[in-house]
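No value in this document is a laboratory result; all are computed from the given coordinates. Bear in mind the structure is a predicted one, so any value in this text is a computation, not a measurement. Positions of Cβ are backbone-derived with ideal geometry, glycine not excepted, and every protein chain shown enters the neighbour counts.
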Amino acid sequence: MNLSTKTLEYVDRLIPRYPLKRSAMLMILHAIQEDQGFISKEAMEWTAQKLEVTPMQVYEVVTFYPMFRQAPIGRRHVKVCRTLSCALRGAYKVCDTLQENLACELGHTSADGNFTVEFVECVAACGSAPVVMVDDKLHECITPEKAPDFAAKLKLETNALQPPSRH
Amino acid sequence: MPIQERRIIYRHIDEPGYTTDIACYQRHGGYEILRKSFQRKPEELVQEVKDSGLKGRGGAGFPTGMKWSFLDYKSGKPIYLICNADESEPGTYKDRQIIYKDPHQLIEGVILSAYAIKAKLAFIYIRGEMFEGARILDKAIEEARAANFLGDNILGSGYSVDVIVHRGAGCYICGEETGLIESLEGKRAYPRIKPPYFPAVLGLYNCPTIVNNVETLCQVKHILDMGGKEFAKIGVPGDSGTHIWGISGHVVRPGYYEIESGKGTVRDLIYDLGGGPPPGRSFKAIIPGGVSMKILRVGEKFKVKLPDGSPGEWGVLDIPLDSGSFTQCGTSLGTSGMIMMDDTTDMVEALANLNAFYAHETCGQCTPCREGSLWLKKITTRVCNGGGRMEDIDLVKNVADQIAGRTICAHGEAAAWPCQSNVPKFRDEWEEKIRTQIQAREHGDGTPAPRKGLRLV
């Protein structure tokens with residue numbers, strides 16, 4: 001595991017801000033995931049050492065919170081909100097369109113490694129439903145009618161990206 | 001008279017030219033209330049909040065001043081303040097607007113509240129999915145620190161406090177205050193049992209802790225501005241201040257509207273401001289405040305006590321927009337995130353959608369909730385997929401009845417209430433749906449009865 005200098009420095013600045021080291025857990029795991037794309041067993045052991053807890057205490061956190069993952073995903077993470085306000089405005093149809101147009105099965109990564117499409121629960125943007133998050137950005141009012149264009153734009157944008165550097 | 005918005009918290013939200021930087025905030029009078037309030041004793045500020053009658057805006061509606069008065073100062077342990085910015089009750093998106101568009105208002109509210117309760121350190125626990133929101137808050141905190149509105153010896157008062165932005169990682173249960181505390185300690189968000197773990201006595205690191213919602217802490221700023229007694233005059237007795245209504249679902253103009261408590265009815269909100277149902281349709285059901293609250297069927301009537309004490313009757317659309325009125329109708333305004341469903345909605349699908357949510361979000365600690373929410377999801381999804389049995393109707397109600405009241409935290413009630421209200425109120429729809437399915441299975445060619453309406457699960 002090769003964490004960037006930026007991440008290492010961030011972690012060292014972060015821990016002393018908390019009254020107890022263990023409190024920095026979620027923030028460190030976020031930083032690792034951002035750096036590496038996922039949280040490996042090695043990363044959990046490293047975190048445990050940093051926070052002076054057992055690796056098991058890190059593992060139980062990683063497995064509890066839906067945002068943490070233990071395996072790499074596609075270059076773009078497409079998260080479709082499926083909870084009631086979005087569903088009432090067609091979120092399931094939006095998800096079907098995205099799966100089809102991005103050639104990606106729900107909960108899986110596309111064969112070209114570009115996309116992972118998932119359902120997520122309410123992301124607190126119900127007034128502009130249906131919403132889709134791509135990586136860390138929220139896209140609002142992605143109606144079933146707009147979904148094909150949205151997928152097409154996403155494909156263009158992703159193809160123009162530099163080859164993956166994360167993994 | 002048409003319904004009027006009264007924007008106090010949202011005064012500058014979406015105002016053209018209003019930005020998130022401290023210079024803009026200060027041009028609009030920002031941090032002036034902090035300057036003035038730091039001349040006063042913390043106890044006086046707590047008294048103002050008590051006088052205001054403010055009820056918490058996180059869903060439970062507990063009086064904020066009373067919550068603060070439970071703090072155990074005698075223990076001599078450090079006091080912590082946590083701002084609950086884990087906005088995750090489906091239908092609710094009011095705190096997001098404050099965080100993204102007026103972060104300094106929240107930070108001023110946090111610092112004022114921290115000073116009032118003599119907190120040693122404050123946290124803003126923000127949902128993990130609000131990546132940009134966390135960055136905006138971090139930047140705002142650095143600006144406030146540079147101006148000495150937080151950090152050491154704030155404005156020469158001798159009081160010091162730091163604010164840490166802490167990100168969650170996608171768990172609904174972290175909105176439950178003791179679950180949030182466990183999460184902030186770096187653990188799984190398993191809610192704690194009360195007693196003994198009342199946060200004001202045994203909270204973060206077993207120290208006295210106050211957990212308040214984003215909007216609540218912003219309200220505190222305005223209470224200190226106008227004075228508690230003056231604030232108490234806004235709205236109706238027993239529910240002072242404004243409510244930020246976020247409306248979503250089947251409505252022409254979804255959006256957020258800040259309305260003085262009790263000034264206006266559901267009809268005013270969803271027709272005058274929301275524009276009514278989509279063309280050619282009519283409202284069938286409304287969930288008043290976040291999906292955990294009990295559903296209302298348009299057409300049902302409630303026997304109520306009117307403000308003058310005389311008996312009266314309200315339909316769903318007549319309910320005034322204050323907490324007491326919703327309680328009288330057997331539900332609650334919760335987080336004031338209202339979801340509308342029109343006549344095309346299949347109510348079994350709507351319930352199945354929510355049951356899938358609760359099954360995903362249960363922390364798994366208490367058996368009734370862990371097992372029950374999963375069964376509720378399985379049964380309602382099966383009914384949606386064409387495999388309904390007549391006995392499922394009572395079964396859903398029965399399973400829900402065995403969750404509520406039998407769990408450590410209110411997730412049990414949250415998972416049960418939608419079932420306990422949907423099933424009896426829409427029993428006719430359940431029966432008709434299942435009858436059609438049975439007919440298709442017994443007399444058809446084996447293909448299940450087609451789904452009607454929009455797929456929700």
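Tabulated results
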quantity: Leading residue at positive end of dipole, region A:1-103 (Cβ point charges), from A:54, A:101, A:68; calculated: A:101
quantity: Chain B: relative contact order as a whole-number percent, Cα under 8 Å and 6+ apart; calculated: 16
quantity: Label-point separation, residue B:447 to residue B:371 (7 Å along Cα→Cβ), nm; calculated: 4.0
quantity: Lysine pair number, Cα distance threshold 15 Å (strictly under), region B:347-443, separation 8 or more or different chains; calculated: 4
quantity: Percent antiparallel among DSSP beta bridges (both partners in chain B, rounded to 5); calculated: 50
quantity: Shielding by partners - mean other protein chain Cβ count within 10 Å, residues of A:18-28; calculated: 6
quantity: Leading residue at positive end of dipole, the protein assembly as shown (Cβ point charges), from A:87, A:162, B:360; calculated: B:360
quantity: 24 Å Cα-Cα reach of residue B:229 towards lysines, excluding residues that sit fewer than 8 places from it in its own chain; calculated: B:36, B:41, B:50, B:55, B:67, B:118, B:221, B:263
quantity: In Hz, Karplus ³J(HN,Hα) per residue of region B:215-227 (6.51, -1.76, 1.60; θ = phi - 60°; x = Gly, Pro); calculated: 5, 4, 5, 5, 4, 4, 4, 6, 5, 5, 5, 9, x
quantity: Helix axis angle, B:347-361 relative to chain B longest principal axis, alpha carbon, degrees; calculated: 50
quantity: Interchain or long-range residues, amide H under 5 Å from residue A:74's placed H; calculated: A:116
quantity: DSSP-loop chymotrypsin sites (Phe, Trp or Tyr not before Pro) across region A:1-71, with at most 14 other Cβ within 10 angstrom; calculated: none
quantity: Sequence-distant aspartates and glutamates (8 or more away, or on other chains) whose Cα lies within less than 18 Å of residue A:137; calculated: A:34, A:35, A:118, A:121, A:149, A:157, B:86, B:87, B:95, B:129, B:132, B:138
quantity: Size of charge dipole - chain B - debye, nearest 20, with Cβ of Lys, Arg +1 and Asp, Glu -1, no other charges; calculated: 540
quantity: Charge dipole magnitude, Cβ of K and R +1, D and E -1 - region B:137-279, Cα centre, debye nearest 20; calculated: 320
quantity: Hz values of 3J(HN,Hα) by residue in region B:371-379 - Karplus curve (6.51, -1.76, 1.60), Gly and Pro given as x; calculated: 6, x, 5, 5, 5, 4, 5, 4, 5
quantity: Magnitude of the charge dipole, region B:22-233, Cβ model with Lys/Arg +1 and Asp/Glu -1, debye to 20; calculated: 340
quantity: Using θ = phi - 60° and Karplus 6.51 cos²θ - 1.76 cosθ + 1.60, couplings along region B:24-35 (whole Hz; Gly, Pro as x); calculated: 5, 4, 6, 4, 9, x, x, 6, 6, 5, 5, 3
quantity: Residue among B:331, A:31, B:181 farthest towards the positive dipole end of the protein assembly as shown, charges placed on Cβ; calculated: B:181
quantity: For residue B:82, distant residues with modelled amide H under 5 Å away; calculated: B:123, B:210, B:211, B:212
quantity: Rounded tilt (10° steps) of B:427-443 against the dominant C-alpha axis of chain B; calculated: 40
quantity: Average other protein chain Cβ within 10 Å of Cβ, residues B:91-98; calculated: 4
quantity: Fewest-first sequence of A:77, A:108 by Cβ atoms within 10 Å of each Cβ; calculated: A:108, A:77
quantity: For peptides B:218-226, B:55-63, sequence by mean Cβ density within 10 Å, most packed first; calculated: B:218-226, B:55-63
quantity: Cβ crowding within 10 Å averaged over residues, with B:264-272, B:338-346, B:239-247 ranked highest first; calculated: B:239-247, B:338-346, B:264-272
quantity: In degrees, nearest ten, helix B:42-52 long axis to first principal axis of chain B (Cα); calculated: 40
quantity: Neighbour cut-off at most 10 other Cβ (10 Å), DSSP loop, chymotrypsin sites (Phe, Trp or Tyr not before Pro), region B:364-457; calculated: none
quantity: Residues B:397, B:377, sorted so that the one with the fewest Cβ neighbours within 10 Å comes first; calculated: B:397, B:377
quantity: For B:295-308, mean number of other protein chain Cβ atoms within 10 Å; calculated: 0
quantity: Estimated 222 nm signal from helices in chain B, with DSSP H stretches of n ≥ 4 weighted -39500 (n - 2.57), rounded to 500; calculated: -11500 deg cm²/dmol
quantity: Rel. contact order, % - alpha carbon contacts under 8 angstrom, at least six apart, region B:22-233; calculated: 31
quantity: Residues with amide H under 5 Å from that of residue A:139, placed H, sequence gap 5 or more; calculated: A:132, A:133, A:134
quantity: Semi-axis lengths, Å, chain B, gyration tensor of Cα atoms, sqrt of 5 times eigenvalues; calculated: 41, 25, 20
quantity: Lysines whose Cα lies under 23 Å from that of residue A:50, excluding same-chain neighbours fewer than 8 positions away; calculated: A:6, A:21, A:41, B:187
quantity: Stretchable slack from residue A:9 to residue A:153, in nm (0.36 nm times residue separation minus alpha-carbon distance); calculated: 48.2 nm
quantity: Likely footprinting exposure, B:216, A:63, fewest C-beta neighbours within 10 Å first; calculated: A:63, B:216
